[in-house]
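The values are calculated or read from the model by the stated rules, or taken from the named source; none is laboratory data. Quick caveat: nothing in here was measured; it's all calculated off a predicted structure. Here the Cβ is made from the backbone with ideal geometry for all residues, glycine too, and neighbour counts use every protein chain on show.
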Amino acid sequence: MPHSQLARLAQQLAGLKADSIHRSRRLLESAQGVRVKVDGREVVSFCSNDYLGLASDPALIKAVQMAAGQMGVGAGASHLITGHHRAHQEFEDAFAAFVGMPATLLFSTGYMANLGVIPALVGRHGEVFADRLNHASLNDAVVLSGAKFSRYAHGSADALRGLLEKSKASEKLIVTDTVFSMDGDMAPIMSLLGLAEEFDAWLYLDDAHGFGVLGEHGQGILNDALRTSDRVIYLATLGKGAGVFGAAVAAHETVIDWLVNRARTYIYTTAMPPLIGAALTESLRLIADGDERRGHLHRHIERLRAALSSLDRWTLMNSETPIQPLVIGDNAAAVAVSRQLLERGLLVPAIRTPTVPKGTARLRISLSAAHTDEEVEMLISALQELNHG
């Protein structure tokens, strides 16, 4: 017989299955892309965050191959010992120049960046003001910091103002996703900047789903007002639009110097392989030259929205980004629609509670510049057929 603690876990797992919220991993057996082999089956994927189709780009593969021969594989040490390679520094310099910010620090993942930055900026005497739909990593970072955690209604600058007016904290930090990963909508960035200036707060912008996709040349949500504000801290994850791995935090030189000395997830971990730094520098070049890719992607978005906005059983949420959430409602129903699409060779994930609120289970359609017009039409036709079925 299993001991009581193991039996408790087994019982709780059974409950997850009964509520249609049990998760299991699919096995990817090919390179990442829009046509992949998953669990032994060839499918068209609408799951990936590889928005520009760079994850398997030949130029990035070549950059990694060349770098491996010159730099080896492992970094061998933390950044503050002997792990900070020229390839890391070259990327940091290139990223800062590309987004127009003073300085950059490269983290291994966006999750590690958030867990490092927020506790380094605020502590138990501080207060963090966070959008209610922020990513889990941002929420975890606030809890780790020990600061007072105040959450405002999603996208509401008025609600945020009310919290700031009441705050007595000596350290204030406003933190938000720029593009929300499950809804695809965008934060009111300029209103948040105005409040940060008025109430003397930091403004931390997690642009995980905007970098590479949004902006004139893929620089994300940054504009001149944000770039020139010394209270803005900008995060771009590099495993989505950039197609590689890691995360870049850009800010005033003083902030970056402080993070080098106080961000624990930067200090107390082995540096990422230098070859990743080389691949990221090449990715920046592809993003900068990627206007055609972004144009193709935005045409896919427009076509999908035009075709699915009139569905009568399901609701397409308002999003101008590659994240196109189609709300089904019930957990089990969303899983059933996802399964029916898979039977047609289309891989679209069902997102359920607790990731999204109860009653709003959805298909999270992720579009890529690498999708062909025909592949997008396949998805549209299948969803229209299932909606009427």
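Here is how the numbers come out for the structure above:
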| quantity | calculated |
| --- | --- |
| Test: residue in segment 13-20 that is polar (S, T, N, Q) and either part of a loop (DSSP other than H, G, I, E, B) or assigned by TED's automatic domain parsing to the domain that holds K358 (or both) | yes |
| Scan of segment 91-110 for residues that are buried (at least 19 other Cβ atoms within 10 Å of the Cβ), assigned to a helix (DSSP H, G or I) and not small (G, A, S), ordered by number | F91, E92, F95, F98, V99 |
| Count - residues of segment 361-381 that are assigned to a strand (DSSP E or B) and either within 24 Å of L286 (Cα to Cα) or aliphatic (A, V, I, L, M) (or both) | 4 |
| Complete set of residues in segment 168-194 that are surrounded by 22 or more Cβ atoms within 10 Å (Cβ to Cβ), aliphatic (A, V, I, L, M) and out of contact with any Asp or Glu (no Cβ under 8 Å at 6 or more places or on another chain) | I174, L192 |
| Residue within segment 143-158 that is under 28 Å from I301 (Cβ atoms), among the hydrophobic types (A, V, I, L, M, F, W, C), modelled with pLDDT of 95 or more and assigned to a helix (DSSP H, G or I) present | yes |
| Residues that are over 15 Å from A382 (Cα atoms), surrounded by 15 or more Cβ atoms within 10 Å (Cβ to Cβ) and more than 21 Å from the chain's Cα centre (by Cα), drawn from segment 297-327 | T315 |
| Matching residues in segment 70-94 - criterion: being within 15 Å of E282 (Cβ to Cβ) and free of Cβ contacts under 8 Å to residues at least 40 places away in the same chain | Q70, D93 |
